[in-house]
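Peer 1: Sharing a structure below in structure tokens format, with a few things to ask.
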Amino acid sequence: MDALKWADFIIEVQECTKCKLSETRKNVVFGMGNPNASIMLIGEGPGQREDELGIPFVGKSGQLLDNILAACGFSREEHIFIGNIVKCRPPNNRDPLPEEKDQCIEYLHRQIEMINPQILVLLGRVALQSLIDPKASITKCRGNWIEWQDRWVMPTYHPSALLRNPKLKYDTRDDFRKIVEKYKELVDPEHEAVNI
Ligand code: URA
Ligand code: SF4
């Protein structure tokens, strides 16, 4: 990781006006975590709290995500980088439009290339469809590793889906157990999950 190149890249994205979401955003949410992480998590796009603070997953679903990560023994500072398909908030939390995703996804591809994570975790349908296959179903794909561009990709439910339907947490726990196992296999055999 070239730290100067990374810093320039952050500034470039923070000044971006390529799509209309730039007109209504308060802050660009570039992403956060360790730029040398082995695991990258990808969500959909910032919500209201994220837009206000410029940090991903800080609202209700972010708190749930942090609990899941803590159970896996993962922290944002050390093991993880968290990004989104679009970096600016879609008004009223609507789905990002195809042209917005098309404009923004180049940044995500560059983040993946620079961070170079071995494991990608796709949080929900929008991340799965935007990155891998526009027709893929999250209920069918979740829990199964996809080998993509020499990386291990695990689709799972978005934390906001767990808030709406708590029964999904059992499947989600299975998915994160697989992620911990893969991390131990590829990165650190000594890694200890706390409670998953
Ligand atoms: N939901 C997302 O998909 N991303 C965030 O950053 C916050 C909520
Ligand atoms: Fe630029 Fe992405 Fe924000 Fe659109 S959503 S203005 S492409 S950073």
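Peer 1: Looking only at the stretch 30-75, which residues are among the aromatic types (Phe, Trp, Tyr), in contact with a helix residue (DSSP H, G or I) (Cβ under 7 Å, 6 or more places away or on another chain) and on the phi < 0 side of the Ramachandran plot?
Peer 2: Phe30
Peer 1: Identify all residues within the stretch 95-111 that are within 16 Å of Ile132 (Cα to Cα) and open to solvent by 20 Å² or more (accessible area, probe 1.4 Å); write none if there are none.
Peer 2: Within the stretch 95-111, Pro98, Lys101, Asp102, Ile105, Glu106, His109, Arg110 meet the criteria.
Peer 1: Taking the condition under 14 Å from the mean Cα position of the chain (by Cα) and open to solvent by 30 Å² or more (accessible area, probe 1.4 Å), does Ile11 pass?
Peer 2: Against the criterion (under 14 Å from the mean Cα position of the chain (by Cα) and open to solvent by 30 Å² or more (accessible area, probe 1.4 Å)), Ile11 does not qualify.
Peer 1: What single numbered condition from (1) of a type in the set (Lys, Arg); (2) open to solvent by less than 60 Å² (accessible area, probe 1.4 Å); (3) more than 12 Å from Gly124 (Cβ to Cβ) fails to hold for Arg177?
Peer 2: (2)
Peer 1: Test each condition in (1) open to solvent by 10 Å² or more (accessible area, probe 1.4 Å); (2) more than 22 Å from Tyr183 (Cβ to Cβ); (3) in contact (Cβ under 8 Å) with a residue 40 or more places away in the chain for Pro46 and report the one that comes out false.
Peer 2: So Pro46 meets the others, but not (1).
Peer 1: Being in contact with a Ser or Thr (Cβ under 8 Å, 6 or more places away or on another chain), at negative phi and without any contact (Cβ under 8 Å) to a residue 60 or more places away in the chain, is that true of even one residue in the stretch 176-196?
Peer 2: Within the stretch 176-196, not a single residue is in contact with a Ser or Thr (Cβ under 8 Å, 6 or more places away or on another chain), at negative phi and without any contact (Cβ under 8 Å) to a residue 60 or more places away in the chain.
Peer 1: Would you point out which residue out of Asn92, Asn116 is open to solvent by 10 Å² or more (accessible area, probe 1.4 Å), more than 9 Å from ligand 1 (Cβ to nearest atom) and closer than 16 Å to Met154 by Cα?
Peer 2: Asn116
Peer 1: May I pose another question? State whether one or more residues within the stretch 4-23 are touching a residue at least 12 places away in the same chain (Cβ under 8 Å) and on the phi > 0 side of the Ramachandran plot.
Peer 2: Scanning the stretch 4-23 turns up no residue that is touching a residue at least 12 places away in the same chain (Cβ under 8 Å) and on the phi > 0 side of the Ramachandran plot.
Peer 1: Since Ala193 meets every condition but one in (1) part of a loop (DSSP other than H, G, I, E, B); (2) modelled with pLDDT of 95 or more, which condition does it not meet?
Peer 2: Here Ala193 meets the rest and fails (2).
Peer 1: Follow-up. Restricting to the stretch 55-87, count the residues that are within 11 Å of ligand 1 (Cβ to nearest atom), open to solvent by less than 20 Å² (accessible area, probe 1.4 Å) and in a loop (DSSP other than H, G, I, E, B).
Peer 2: So the answer is 6.
Peer 1: Something else now. Do you know which of the residues in the stretch 121-159 that are open to solvent by 40 Å² or more (accessible area, probe 1.4 Å) and in a helix (DSSP H, G or I) is nearest to Glu44 (Cα to Cα)?
Peer 2: Residue satisfying both the conditions and the ranking: Arg125.
Peer 1: Please go through (1) in contact (Cβ under 8 Å) with a residue 60 or more places away in the chain; (2) within 16 Å of ligand 2 (Cβ to nearest atom); (3) within 29 Å of Asp175 (Cβ to Cβ) for Leu65 and return the number of the only condition it doesn't satisfy.
Peer 2: Single failed check for Leu65: (2).
Peer 1: Do we have Val29 as at pLDDT 95 or above, open to solvent by less than 30 Å² (accessible area, probe 1.4 Å), within 10 Å of ligand 2 (Cβ to nearest atom) and assigned to a helix (DSSP H, G or I) here?
Peer 2: no
The values are calculated or read from the model by the stated rules, or taken from the named source; none is laboratory data. In this text the structure is predicted, and so the values were computed from the model without any measurement. Neighbour counts are summed over all protein chains in view; Cβ atoms, including those assigned to glycine, are modelled from backbone coordinates with ideal geometry. Accessible surface is based on the protein model in full, side chains and every heavy atom, while ligands, DNA and RNA are left aside. Shrake-Rupley method; radii C 1.70, N 1.55, O 1.52, S 1.80 Å.
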